Structure formats: C-alpha cells, structure tokens
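**Student:** What follows is a structure written as structure tokens; I'll ask about it next.
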Amino acid sequence: MATTVQILRCSTRGSRILFQSALLRNTSVGTKTTFGTSSALTNVFEARRGPFSPEEKRGKGHLMSASTHWKVERVLMISMIPLMPAALFYQSPFIDHAICTAVFLHGYWGMDGVLTDYLEKFVPWVKPLWTVLSIIAFAGLVNFNYNDVGLCKAVQMLWAL
C-alpha cells in the first residue's frame, strides 16, 4: 500500500525518474518504503514554506526586493491607463517610446514570472534565452519608433485598413 501511494505521488507530480526508480525498487508488502536519496529529488517539486530571511526574499543577484518589484509593476500598470488614450490623441516620438517601453516591460515581467514559476526548474536555459530574445525585440521596437512611423501611427494605419 505504501509503495502504491509513493508511486502515485511521484507520477502525479510529473517525475518520470522517481516513478521508474520506485518501480525498480524491490519492497515487500507491509514494509515501509523509504526513498533515501530519492527524497532529494522529491523536494525539487515541493515549495518551501517560510519564514524567509530578507536575503532569501531578495534572491541571488536581484537589485530590489520582491515587494519593491511588485510596487514598480503596479505603478507601471497604472501609468499605462492614461498613456493609452494619450497615444490615440497626441502622437509624438515621446509617446511612442513611452508606450513601447511600458507595454514591453509589462509583457516582459509577466512572461518572466511565468517562466520563473513554471519552467525554470525543468529548463534552466530558458531565462537567458528569454532575456536575449527580449533585448532583440525591444531593440527592434525602438528602431521601428526611431526610423519608421512609430508604434502609435502604425496601429492607427492598421486600424484604417
């Protein structure tokens, strides 16, 4: 019974390695199953619950704490509310760059959160790839604003079709 419960726990968490190691292990009925070294692999899928020190909350290599980052995201989100109508009525290079930066940062931080929460444990190279792609995309948007009609005018021309 205990072996079956351990196998079901491993398979529902999506860990094929743990599932195979549980199947290959010889345990007799009625003995308690211990995973020994496999318990370290099981802990990869479990979230650690606090209390966290300020260093742990900040993380390695981060410039600001999580609460400060959250506040900056909220300020950016609220600043987009008047920026969108302003882009429709007053078109200028400043508004183009402001819209481009705000929308891009909003999308970047959103996808970065999704990648960090759900994919980074299993695909560790996804964050550097996302950063490189984001830099290239932002450089393309800035180039489009500087050398072409600009983001607001392009959206207006698209709506005119």
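The values are calculated or read from the model by the stated rules, or taken from the named source; none is laboratory data. Fair warning: this is a prediction, and the values are worked out from it, not measured in the lab. Heads up, the Cβs are rebuilt from the backbone with ideal geometry, glycines too, and the neighbour counts pull from every protein chain shown. Side chains are part of the model used for accessible areas, which takes the heavy atoms of the whole protein and leaves out ligands, DNA and RNA. Shrake-Rupley method; radii C 1.70, N 1.55, O 1.52, S 1.80 Å.
**Student:** In nm, give the distance between the simple-model label positions of V126 and W70, each being 7 Å from the Cα along the Cα-to-Cβ direction.
**Tutor:** 2.3 nm
**Student:** By its C-alpha gyration tensor, with a ≥ b ≥ c as the square roots of the eigenvalues, how is the stretch 105-161 shaped: rounded for a/c under 1.5, else prolate for a/b larger than b/c, else oblate?
**Tutor:** Because a/c hits 1.5 or more and a/b exceeds b/c, the stretch 105-161 counts as prolate.
**Student:** Based on the inverse mean of 1/r over its pairs of different Cα atoms, what is the Kirkwood hydrodynamic radius of the stretch 76-147, in Å?
**Tutor:** 13.5 Å
**Student:** Using Cα pairs closer than 8 Å and at least 6 residues apart in sequence, work out the relative contact order for the stretch 60-161, in percent.
**Tutor:** 28 percent
**Student:** What distance in nm separates the simple spin-label points at Q156 and Y118, each placed 7 Å from Cα in the Cβ direction?
**Tutor:** A separation of 3.7 nm, rounded to one decimal place.
**Student:** Which whole-number percent of Cα pairs in the stretch 90-132 have a distance greater than 14 Å?
**Tutor:** 57 percent
**Student:** For the stretch 122-161, report the accessible area per residue in Å² (1.4 Å probe, heavy atoms, rounded to an integer).
**Tutor:** Normalised by residue count, the accessible surface of the stretch 122-161 is 75 Å².
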